[in-house]
Amino acid sequence: MARDLAIAILLGLVAFLVFNANMRSIAAGDTYGARYLPFSIWRNHTVLLDPIVDMAAQGREIPTVQGNGTNAYWMLKGRDGHFVSQYPVAVPVVIAPLYLPAVSYLAARDWNPLLLDKVARIMEKLCASLMAAASVALFYLVLRRRSTPRIAGLLTLLYAFGTTTWVISSQALWMHGLAQLLIVATMLLVTGRCSPARAAAAGFFCALIAVNRQPDAILAAGLGLYGLWWAGRRIPLFVISGLIPVALIVAYNLELVGNIAGAYALVDRTDSYSDSVTEGIAGLLFSPMRGLFVFSPFLLFVPLFLMPVLREPRMRGLTTLMAAAVAVQVFLYAFIDWRQGASWGPRWLTDMVPMLIWMLPPVLAALSSRGRAVFALACGVAIAIQTIGAFWYTGKSDRVLIAAKGAERTRPAWDIRNAAFIAELKHPPAPMDLFTDLKGGVDQINIVEAAPTDNPTGAAVRQVEVLGWALADRKTPADVAISIDGQQLAGTGQFFERSDVVQALGAASPAGWRIAFPANQLKPGNYLATALVRGQAGGPQRVLMERKFTLAPDPVLAKAAQQAAQALTGRLQAPGYWLTSFTSGIEFDKPHPELNTYLNAVMLDVLAPVTAQTGLDGTTSRVRDYLSGQIETGGLVRYHGRPDAPTIGTLGCAITPDADDTALVWRTAPGKQTELLSAALATLDQYKRPDGLYRTWLAPRDRYQCLDPGKDPNPADLGIQMHVYMLLADKDPAASQALCEAMARKLDDDDVWVYYAKAPLLVALRVADVRKAGCGLNVPPSRLQTSVPSQDVWGRMVELLRQMESGAGTAGIRVEAADLLDGIAAENFSLLNRAPPLFYHNDLSASVRRFYWSQELGYALWLRLYFASQSMQTLSSCRSDGAEPKCGGT
């Protein structure tokens, strides 16, 4: 026994040294809470993250709403607004005693933030490697109960260096390290003689397995069932001791988290389920990026020789229960998005590794000499793969998998080229940066004007300029990046000499840095800027310093917004309408004015989302009153308004009522005579074609007034169908669905492109509106391209508006939008006098051609894009820029 104990201690020491030989940690956001919480436990006497929330966030956005995660996904708002770790707190509580020397050291140095961060990283690695090494030592003693010292030693070394025990458990404070230690400790207890103390300890450890990591409740159940048989008459001790950690975690969940199931239950995980359970099982076991039998191929001998394993008489009961628990856990994991976030190999299956290796002694005894050679080869491959992980893995190989979305999201996991032990070898070994000493600071944050040569408008643009310095071990670091409220926006690898730093520290290496990015990436408000420094290429980013600043509204664009709103009010005619310009050619030359209901109804639609922000409530109310007055006794509306209007003969004529303006006015300005709507809908239905589309003119051919029809005297234009659809979507859903299907069949037919063939701007704008109303039309992109050069700017404006308002906008889109807004607003919106939006034309097969333009529509679109840009937030996901990606939490 003494000899076995000595060998176990020796194996543990060897493992501890090897685990730390890479002189770095391999951490992720999942481990940050466990890294910093022990300091708060000692210093603030709480398991809440409140006192250390800024440190634990590591420059990411701190959550503001309960249950809503941010890119600092490892923390959440719990009960009463307190910050809690998304993950169970067993790990930081268990290792807290080990932090006492570090706490004393930091207290003597006044808790310097940079020093605290350095010490925290070191302590995380040391504690993780110590727990993993302890599990290695105990596992040898477990194996000795069913194998020779030689076999036990071999399998213990495989457990330490041929599985993710090395690259996961020993490198950072994942929950897996404690899980393995608890599982091995429980196995050691229940395979020995039962005593009162051992029964109590086994029950406590078994329950703590489930408390530490909820999916491991399945593995704990296998051990627990055997433990109940093993404990015999000491079952009460086994059960009561197991209730202690369960009661503590339930109290924590109810009192601090606000949910009995813990912080996991607060997170929306509706998008984290697997598309195929069969693929999930195959992926967990055999995929090149996550397969257990790929990263530790010697474990494949367990299922291949399962019968000899289960026939082994002395430990058959324990082995059977553990095998069943392992199978159930794999099956249940297959229901989840088995890609497992950013991590080395089969992280989720790390905890079951001791159970699988426990089953190998009967397998080795049953192998032939050739079989043992194959097993030895598999062992060598496993150790080589884990060695690559320990010294090369940086997380870059995971980016292709994390970036994959939708139905194709698992495809990269099956490409052998993406396997981490292949992909990570394309770069040098990861830097040994565990003890890197980081110094520096953020000196200034300025809002400056700059005119970069790549700005197409040539106008000055506002930039946020951040100035500071940084040194890593008194040398120039690899790069520095700036994160604003958790969104990493810009960075640089260029450094310059700072004479003040040289004089103060005697370090001659360039330390100064300057980072500037367009202020248009942010909306006005208060922000927290975080400087993140990477000491060596390929190493992790570390928080250098945080600093608050305020971004005031862009005075140029804000003034232009006021000017645009004032122009719309000033151009409104006294009765409450805007005029439209028309030309006889495709260029805006020698325009003539006319009054039509169409432009005014469209303007109400375009301005509706921003009416309150623009202060145009009164203006749009006047337009609405005017339009509602154009509804005639039959519920129909004419393009030029009522035939008895004073403008007939000067700004229009008594034209035939039409479907387009009738639908638009009833949607935007229905007025008080709502009883007339049913008559209008009935008339519309009379002019419905057999193919489901609606004709334009709501009168027979012999009663046309003031019309010059083309080759089709009563066409069904696509733009008109969209306006009719939007009315029907609210008033007659069944009819709107039929119209949607009819439009989808005709999208690329020339006969429905009558009034927008050369002016697709309004159709492009309406595609998004129709989609919001429930009809997703895929209009051919070629139909939405204009052939009029002066209209490219308006087409791009509508596209940017679509992206921003649909949530697909990015910081780059925001910058482009700001440049576009600047260019259009230049010289008091002079572009609107030269080339306003061309938004429709008459039937070009008619004897007379007319093209219709509107400066008012240009102002309205400008305001829509401006306020969309102001309200758009920069978004984040799992990062691909060197920051720790978001990992799966289970």
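The values are calculated or read from the model by the stated rules, or taken from the named source; none is laboratory data. The structure displayed is predicted, hence computed values, not measured ones. So basically every Cβ, Gly included, is an ideal-geometry build from the backbone, and we count neighbours across all protein chains shown. Note: areas computed on protein heavy atoms with side chains; ligands, DNA, RNA excluded. Shrake-Rupley method; radii C 1.70, N 1.55, O 1.52, S 1.80 Å.
Numerical summary
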quantity: Elements of type strands (runs of 3 or more DSSP E) contained in the stretch 394-484, each with 1 or more residues being within 24 Å of Pro524 (Cα to Cα), at pLDDT below 95 and acidic (Asp, Glu); calculated: 438-450, 461-472
quantity: Out of Ala202, Ala231, sole residue that is more than 20 Å from Asp337 (Cα to Cα), open to solvent by less than 30 Å² (accessible area, probe 1.4 Å) and either among the acidic types (Asp, Glu) or touching a Ser or Thr at 6+ places or on another chain (Cβ under 8 Å) (or both); calculated: Ala202
quantity: Residue in the stretch 531-543 that is under 24 Å from Ala818 (Cβ atoms), out of contact with any helix residue (DSSP H, G or I) (no Cβ under 7 Å at 6 or more places or on another chain) and surrounded by fewer than 17 Cβ atoms within 10 Å (Cβ to Cβ) present; calculated: no
quantity: Tally, over the stretch 838-857, of residues that are farther than 23 Å from Leu572 by Cβ, touching a Lys or Arg at 6+ places or on another chain (Cβ under 7 Å) and not in a strand (DSSP E or B); calculated: 2
quantity: Scope the stretch 388-415; condition farther than 22 Å from Phe286 by Cβ, more than 18 Å from the chain's Cα centre (by Cα) and open to solvent by less than 60 Å² (accessible area, probe 1.4 Å); matching residues; calculated: Ala390, Phe391, Thr394
quantity: Residue selected from the stretch 211-225 under the condition more than 19 Å from Gly33 (Cβ to Cβ) and under 32 Å from the mean Cα position of the chain (by Cα), by the criterion surrounded by the fewest Cβ atoms within 10 Å (Cβ to Cβ); calculated: Ala217
quantity: The stretch 487-508, subset closer than 22 Å to Ile445 by Cα and part of a loop (DSSP other than H, G, I, E, B), residue nearest to the chain's Cα centre (by Cα); calculated: Gly493
quantity: Residue list for the stretch 662-706, filter: part of a loop (DSSP other than H, G, I, E, B) and touching a Ser or Thr at 6+ places or on another chain (Cβ under 6 Å); calculated: Ala669, Gly671, Leu698, Ala699, Tyr704, Gln705
quantity: Lys731 vs. criteria in contact with a helix residue (DSSP H, G or I) (Cβ under 8 Å, 6 or more places away or on another chain), of a type in the set (Lys, Arg) and within 20 Å of Arg642 (Cα to Cα); calculated: no
quantity: Residue in the stretch 554-575 that is open to solvent by 10 Å² or more (accessible area, probe 1.4 Å) and at positive phi present; calculated: no
quantity: From the options Arg622, Arg638, Arg695, residue that is in contact with a strand residue (DSSP E or B) (Cβ under 9 Å, 6 or more places away or on another chain), of a type in the set (D, E, K, R) and open to solvent by 50 Å² or more (accessible area, probe 1.4 Å); calculated: Arg695
quantity: Pairs with Cβ under 6 Å, 6+ apart, first in the stretch 744-765 and open to solvent by less than 20 Å² (accessible area, probe 1.4 Å), second in a helix (DSSP H, G or I) and aromatic (Phe, Trp, Tyr); calculated: Leu761/Trp794
quantity: Test: residue in the stretch 545-560 that is part of a loop (DSSP other than H, G, I, E, B), touching a residue at least 12 places away in the same chain (Cβ under 8 Å), closer than 30 Å to Leu604 by Cβ and out of contact with any Leu (no Cβ under 7 Å at 6 or more places or on another chain); calculated: yes
quantity: Verdict on Ser869 being modelled with pLDDT under 90, closer than 22 Å to Asp605 by Cα and of a type in the set (Gly, Ala, Ser); calculated: yes
quantity: Condition met for Thr319 (of a type in the set (Ser, Thr, Tyr), crowded, with 19+ Cβ neighbours inside 10 Å and part of a loop (DSSP other than H, G, I, E, B)); calculated: no
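Conditions (1) open to solvent by less than 20 Å² (accessible area, probe 1.4 Å); (2) closer than 21 Å to Ala96 by Cα; (3) in contact (Cβ under 8 Å) with a residue 24 or more places away in the chain, marked per residue:
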| site | (1), (2), (3) |
| --- | --- |
| Phe16 | no, yes, yes |
| Asn20 | no, yes, yes |
| Met23 | no, no, yes |
| Tyr36 | yes, yes, yes |
| Ile41 | no, yes, yes |
| Asn44 | no, yes, no |
| Val47 | no, yes, yes |
| Ile52 | no, yes, no |
| Ile62 | no, no, yes |
